[in-house]
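As structure tokens, the structure follows; a few thoughts come after it.
The values are calculated or read from the model by the stated rules, or taken from the named source; none is laboratory data. Keep in mind it's a predicted model, so treat the numbers as computed, not measured. Ideal geometry is used to build each Cβ from the backbone, glycine not excepted, and the neighbour counts take in all protein chains shown. These accessible areas exclude ligands, DNA and RNA; they are computed on the full protein's heavy atoms, side chains included. Shrake-Rupley method; radii C 1.70, N 1.55, O 1.52, S 1.80 Å.
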Amino acid sequence: QVQLVESGGGLVQAGGSLRLSCAASTSISRLNTMGWYRQAPGKQREWVASVTSGGTTTYTDSVKGRFTISRDNAKNTVYLQMNSLKPEDTAVYYCNIKIFFGGSEYWGQGTQVTVSS
């Protein structure tokens, strides 16, 4: 079992910044992809950003230039730096890991991000 725990969510004004963290219960320095997803009320869960074991990052178009995903393998943690936040970024943000060997996938419990106008 792999446990993922998100932190760093909260209430922020439009234009502000937040930094989310996701701590894994095991080493992440192996072949895997870690990512962030979000889900707003009444909406389907949406992929936001991903980072591979080699450090390659990808983003959904709506957050490019504003969000940055990164990972620290020594600390078994992935981050999401969110700048220039907009009200439409309001959602519960979930951390995810997809492990290459064994094909396992795990989710965190989520952290609430609320952006006021």
> How much accessible area per residue does the chain have, in Å², with a 1.4 Å probe?
Replying inline: 54 Å²
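Given the Cα atoms of the stretch 1-65, and with Rh set as the inverse mean 1/r over their pairs in the Kirkwood sense, what is Rg to Rh to two decimals?
0.98
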> If you put +1 on each Lys and Arg Cβ and -1 on each Asp and Glu Cβ, how big is the dipole of the stretch 21-101 around its Cα centre, in Debye rounded to 20?
Replying inline: 100 debye
> In the chain, how does Rg compare with the Kirkwood Rh, expressed as the Rg/Rh ratio over alpha carbon atoms?
Replying inline: 0.96
>> In the stretch 84-108, whose amide N lies under 18 Å from the spot 7 Å out along Cα-to-Cβ of residue 61? List them in ranges.
In response: 88-89
> Considering only protein heavy atoms and a 1.4 Å probe, what is the carbon-and-sulfur percentage of the accessible area of the chain?
Replying inline: 48 percent
>> Between the stretch 49-117 and the stretch 15-46, what is the separation of their alpha carbon centroids in Å?
In response: 3 Å
> In the stretch 61-117, what trypsin sites (Lys or Arg not before Pro) fall in a loop by DSSP, with at most 12 other Cβ atoms inside 10 Å?
Replying inline: 64
> Which semi-axis lengths, in whole Å and largest first, follow from the square roots of five times the eigenvalues of the Cα gyration tensor of the stretch 76-117?
Replying inline: 27, 11, 8
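Any idea what the dipole of the stretch 61-117 comes to, in debye rounded to 20, about its Cα centre with Lys/Arg Cβ at +1 and Asp/Glu Cβ at -1?
Numbers: 6 positive and 5 negative charges, 30 e Å.
Value, rounded to 20: 140 debye.
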>> Positive end of the dipole of the chain, charges at C-beta (+1 Lys, Arg; -1 Asp, Glu), about the Cα centre: which of 55, 68, 92 has its Cα farthest in that direction?
In response: 55
> Over the stretch 51-93, with a single point scatterer placed on each C-alpha, what log10 of the ratio I(q)/I(0) does the Debye formula yield at q = 0.20, 0.21 1/Å?
Replying inline: -0.70, -0.76
